[in-house]
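Worksheet: the structure to be examined is printed underneath.
Please treat every number below as a calculation from the coordinates, not as lab data. Quick caveat, the model's predicted, so the values are computed rather than measured. Quick reminder, even Gly has a Cβ in these numbers, built from the backbone with ideal geometry, and neighbours come from all protein chains shown.
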């Protein structure tokens with residue numbers, strides 16, 4: 001009897017086991033089907049995930065953009081990996097912006113749309129028609145514009161603190177390009193360095209940790225791409241297929257700058273290239289580059305670029321250039337995950353009330369400002385138009401001497417601004433120095449930002465499920 005009961009129990013347990021196994025197989029199949037669907041995880045970036053749905057949505061957008069420009073597309077697998085790489089970079093930047101407390105508001109986007117429209121002699125409706133005529137949906141354009149504004153604000157926060165240009169560097173620049181301290185004679189030929197150059201690139205990055213063998217493999221990859229270009233392959237297609245640059249899915253387009261506004265290694269490589277020409281392979285601290293000059297030309301004379309009031313005051317290129325300078329000081333409260341917009345604004349409102357009740361602005365700046373100018377009581381010295389970010393400058397220009405602003409938001413955080421005094425000054429020499437400083441900043445800013453981004457990437461946890469070789473891990477996964 002016991003044997004019979006045991007055999008019955010054994011049979012029952014086997015049956016249960018078979019059912020459980022069957023259920024587990026069914027569950028595994030269901031999970032497998034889910035991981036290949038739209039909601040499958042394409043990548044993990046610290047604590048965020050990127051789904052295949054997001055990848056495919058971006059992929060469709062890229063295909064439309066390439067189609068509108070009649071650029072041949074790489075295969076879907078290659079393009080998908082490039083799209084995911086861009087999404088990973090965007091997610092890392094968004095996370096860093098959140099840590100800095102940087103937020104792009106709808107008002108920021110609206111101002112950018114208005115500025116872009118005005119620069120193209122259009123209203124917003126006209127700009128929208130132009131964008132959609134190029135195969136780009138308006139919502140996609142606004143999303144891209146919001147990201148670009150975020151990147152610009154991150155650059156202000158990171159690069160501005162990393163790039164310091166000394167007066168001796170400005171002197172060396174002016175001497176190198178043959179600029180005297182006085183304005184050039186009217187009708188003088190533009191310096192070659194003033195020529196505007198539109199550039200695209202394919203870059204194969206070489207991480208600092210790469211071995212000699214790995215570096216040779218990357219160089220061989222760059223050489224293979226160059227051979228394909230020489231054989232007539234489309235530059236934008238190869239950029240979208242192989243470039244490690246953030247601009248890969250824009251055909252490698254880097255933008256337009258004066259020749260000497262590009263980093264020295266770039267400028268040397270493209271100096272003698274004509275529109276349509278492709279450079280040889282160039283080695284930089286980032287990796288191996290191949291450049292294409294898409295356009296170049298001499299800009300309008302400086303006199304034509306000046307605001308009418310300045311041009312009339314200047315009386316021609318050989319005359320003085322009178323500019324209104326403002327001496328101002330400020331108190332800066334930086335944003336972070338702990339110090340959000342509301343808390344920062346509230347702190348500055350309290351300080352503003354204390355100033356209104358007689359406390360000294362400079363003393364409060366020394367105690368509370370998070371700007372390097374704090375030890376000087378927040379004094380920024382004499383500021384010329386264009387030397388500060390637009391939000392700060394607009395608020396400062398609206399103030400009378402001794403007046404204190406309401407809290408003002410900029411990419412650096414929240415400011416309390418006080419105008420000390422104003423003056424009119426002949427800026428003929430200073431404008432040349434300002435221009436030289438801007439050119440030097442453009443040379444240094446991009447490599448500095450790329451180095452910062454590489455550092456952020458190296459500290460992040462990234463699991464790229466479409467391209468495991470692109471994954472990285474660190475202690476930073478929160």
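Gain in length, residue 273 to residue 211, computed as 0.36 nm per residue apart minus the alpha-carbon separation, to one decimal in nm?
On the way: separation 62, 0.36 × 62 = 22.32 nm, distance 3.28 nm.
Computed gain between residue 273 and residue 211 is 19.0 nm.
Going by a ≥ b ≥ c, the root eigenvalues of the Cα gyration tensor, does region 50-98 fall in the rounded group (a/c under 1.5), the prolate group (a/b larger than b/c) or the oblate group? Provide the component values of the computation, followed by the final result.
Numbers: a/c = 2.49, a/b = 1.96, b/c = 1.27.
Note, shape of region 50-98 comes out prolate.
For region 322-426, calculate the relative contact order in percent as a whole number, restricting contacts to Cα pairs under 8 Å that are 6 or more residues apart.
Working: 194 pairs, mean separation 46.2, N = 105.
This gives 44 percent for region 322-426.
With a cut-off of 11 Å, note down the residues of region 407-429 whose backbone N falls inside the zone around a label point 7 Å from the Cα of residue 359 toward its beta carbon.
none
Quick check: pseudo-label points 7 Å beyond the Cα along Cα→Cβ at residue 118 and residue 167, how many nm apart are they?
Calculated label separation equals 3.5 nm.
Would you please give the FRET efficiency between residue 324 and residue 220, computed as 1/(1 + (r/R0)^6) with r the Cβ-Cβ distance and R0 = 41 Å, to the nearest 0.05? Please list the in-between numbers first.
Working: r = 57 Å, r/R0 = 1.39.
Efficiency for this residue pair is about 0.10.
Given the Cα-Cα distance of residue 152 and residue 56 and 0.36 nm per residue of separation, how much length would full extension add, in nm?
Details: separation 96, 0.36 × 96 = 34.56 nm, distance 2.65 nm.
That works out to 31.9 nm of additional length.
How far apart, in nanometres, would the label points at residue 227 and residue 451 be if each is projected 7 angstrom from Cα along the Cα-to-Cβ direction?
Placing both labels 7 Å beyond Cα along the Cβ direction yields 3.5 nm.
Give the calculated FRET efficiency between residue 136 and residue 340 to the nearest 0.05, with a Förster radius of 25 Å applied to their Cβ-Cβ distance. All intermediate terms of the calculation are to be shown ahead of the outcome.
Details: r = 33 Å, r/R0 = 1.34.
The pair residue 136/residue 340 has a calculated efficiency of 0.15.
Taking 8 Å as the Cα distance limit and 6 or more residues as the minimum spacing, I'd like the relative contact order of region 42-161 as a percentage.
On the way: 73 pairs, mean separation 33.2, N = 120.
Over region 42-161, the number comes to 28 percent.
If only Cα atoms are counted, what is the Rg of region 322-426, and what is its Dmax, in Å?
13.2, 45
Estimate the FRET efficiency between residue 384 and residue 49 by the formula 1/(1 + (r/R0)^6), using the beta-carbon distance for r and 56 Å for R0, to the nearest 0.05.
On the way: r = 47 Å, r/R0 = 0.84.
Once the sixth-power term is evaluated, E becomes 0.75.
Provide the gained length on full extension for the span residue 106 to residue 421, in nm with one decimal, where the gain is 0.36 nm per separating residue minus the Cα-Cα distance. Could you put the intermediate results ahead of the total?
Details: separation 315, 0.36 × 315 = 113.40 nm, distance 3.41 nm.
Extra length available between residue 106 and residue 421 comes to 110.0 nm.
Sort the following peptides by mean Cβ neighbour count (other Cβ atoms within 10 Å, averaged over residues), highest first: 461-470, 68-77, 448-457.
On the way: 461-470: 15.2, 68-77: 12.5, 448-457: 16.7.
By packing density, highest mean first, the sequence is 448-457, 461-470, 68-77.
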